[in-house]
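Heads up: the structure comes next, in structure tokens.
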């Protein structure tokens with residue numbers, strides 16, 4: 001059987017075959033998507049990507065009817081790939097530090113949308129033979145031409161268990177290595193999501209760096225695009241090696257002479273918010289400011305209130321009342337609220353009232369705890385927002401409060 005998710009069905013041009021994406025494991029939303037083919041006449045099905053350790057998306061046919069183009073995340077980027085259906089050969093069309101979002105066939109070219117950490121989405125014409133991309137939309141050129149943008153560096157950091165972890169480091173415009181800068185540890189959400197070359201209008205690394213911060217963004221255990229084994233290592237271990245990966249990244253980077261180790265902050269949303277809450281109780285004086293957006297504070301409460309109950313069942317390994325389940329008990333023992341007695345660092349907590357993934361009571365519990373402990377704290381509450389801040393005016397307020405909190409504690 002095929003108990004996992006199936007999605008994105010696509011008929012072959014001759015109508016004789018059906019192609020679709022399928023996960024292998026039931027109840028796990030971050031499994032690798034495999035590309036399957038079904039012969040409609042015989043009923044035989046076949047996996048076309050058994051050795052491809054990444055997840056295709058956005059399937060589109062080439063003109064010859066034998067070529068499928070798709071986008072897949074690889075090594076913290078998203079690239080365009082080509083599958084020759086008769087032979088099963090997969091070839092990378094593009095490379096480089098950027099994220100392709102979509103691809104379509106237009107004559108002898110591919111038309112694709114692309115972003116990176118210092119450039120919002122534009123449309124590109126891509127040579128399918130060489131991968132050479134030519135920008136054709138220039139929607140943001142009149143703005144970007146007036147700005148000095150940050151620079152991005154790719155680093156490999158050795159983790160506490162001797163693995164190599166890709167870490168993005170974003171430097172302010174006109175970066176001067178002889179100066180000393182405050183730094184932010186960015187904690188990715190998910191927990192299984194891509195810390196790639198994304199461009200976000202909320203978690204915008206260019207804006208953070210342009211405000212005078214060095215941003216350290218580690219592809220800690222559990223992120224996608226680094227292979228399924230790396231992704232799987234966070235399940236049932238949310239507060240384990242992933243947290244050590246985050247701490248290791250900032251510990252290595254703070255040794256750089258251009259980072260002021262006395263002006264470090266940690267920020268994140270969703271599982272990144274969980275990470276910030278956990279770090280607040282376990283950072284041993286590393287950080288001077290925290291920002292947690294829509295984060296899990298109490299994992300037991302989260303299990304019973306989230307709209308995605310199957311997800312926590314997979315991630316935690318069971319329910320909090322399963323006292324004879326050592327996997328679940330270890331998971332809940334790592335809940336950030338268990339370490340709140342150690343909180344001593346200023347924290348800004350943000351949440352939306354209509355967040356059903358991580359209900360806003362998590363923020364109230366964290367904020368009230370900080371207040372009761374006498375920790376400098378602030379609650380930014382959006383009555384009309386969900387797990388994301390989507391309205392433009394609320395987004396402006398979010399950015400204003402985000403920058404103001406960090407500047408208050410890290411730019412004294």
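Each reported figure results from applying straightforward, stated rules to the coordinates on display, with no laboratory input. The structure presented is a predicted model; accordingly, all values stated were derived computationally and were not measured. Note that we place each Cβ from the backbone using ideal geometry, even for glycine, and neighbour counts take in every protein chain shown.
Name the single residue, out of those in segment 96-148 being at positive phi and surrounded by 12 or more Cβ atoms within 10 Å (Cβ to Cβ), that is nearest to the chain's Cα centre (by Cα).
Among them, the one singled out is 96.
Test residue 323 against the criterion of being part of a helix (DSSP H, G or I) and either within 23 Å of residue 233 (Cα to Cα) or more than 25 Å from the chain's Cα centre (by Cα) (or both), and give yes or no.
No: the conditions fail for residue 323.
Could you go through segment 340-361 and let me know if any residue there is without any contact (Cβ under 8 Å) to a residue 12 or more places away in the chain and not in a strand (DSSP E or B).
No: segment 340-361 contains no residue that is without any contact (Cβ under 8 Å) to a residue 12 or more places away in the chain and not in a strand (DSSP E or B).
Taking segment 178-199 on its own, how many of its residues are on the phi < 0 side of the Ramachandran plot and out of contact with any strand residue (DSSP E or B) (no Cβ under 9 Å at 6 or more places or on another chain)?
Counting residues in segment 178-199 that are on the phi < 0 side of the Ramachandran plot and out of contact with any strand residue (DSSP E or B) (no Cβ under 9 Å at 6 or more places or on another chain) gives 5.
Please list, ordered by residue number, the strands (runs of 3 or more DSSP E) wholly in segment 46-136 having 3 or more residues that are under 29 Å from residue 24 (Cα atoms).
Per the criteria, 56-61, 67-74, 77-84, 89-92, 99-106.
Is there a residue in segment 330-339 that is in a loop (DSSP other than H, G, I, E, B) and buried (at least 20 other Cβ atoms within 10 Å of the Cβ)?
Within segment 330-339, one or more residues are in a loop (DSSP other than H, G, I, E, B) and buried (at least 20 other Cβ atoms within 10 Å of the Cβ).
Report yes if some residue within segment 58-68 is crowded, with 21+ Cβ neighbours inside 10 Å, within 21 Å of residue 15 (Cβ to Cβ) and over 19 Å from the mean Cα position of the chain (by Cα); otherwise report no.
Among the residues of segment 58-68, at least one is crowded, with 21+ Cβ neighbours inside 10 Å, within 21 Å of residue 15 (Cβ to Cβ) and over 19 Å from the mean Cα position of the chain (by Cα), which makes the answer yes.
Considering every residue within segment 14-24, establish whether at least one is in a loop (DSSP other than H, G, I, E, B), within 30 Å of residue 199 (Cβ to Cβ) and in contact with a helix residue (DSSP H, G or I) (Cβ under 8 Å, 6 or more places away or on another chain).
No - not one qualifying residue is present in segment 14-24.
Take the residues in segment 29-45 that are surrounded by 18 or more Cβ atoms within 10 Å (Cβ to Cβ) and assigned to a loop (DSSP other than H, G, I, E, B); name whichever of them is nearest to the chain's Cα centre (by Cα).
Out of the qualifying residues, it is 30.
Considering every residue within segment 241-250, establish whether at least one is closer than 25 Å to residue 98 by Cβ and out of contact with any helix residue (DSSP H, G or I) (no Cβ under 9 Å at 6 or more places or on another chain).
Looking through segment 241-250, at least one residue is closer than 25 Å to residue 98 by Cβ and out of contact with any helix residue (DSSP H, G or I) (no Cβ under 9 Å at 6 or more places or on another chain).
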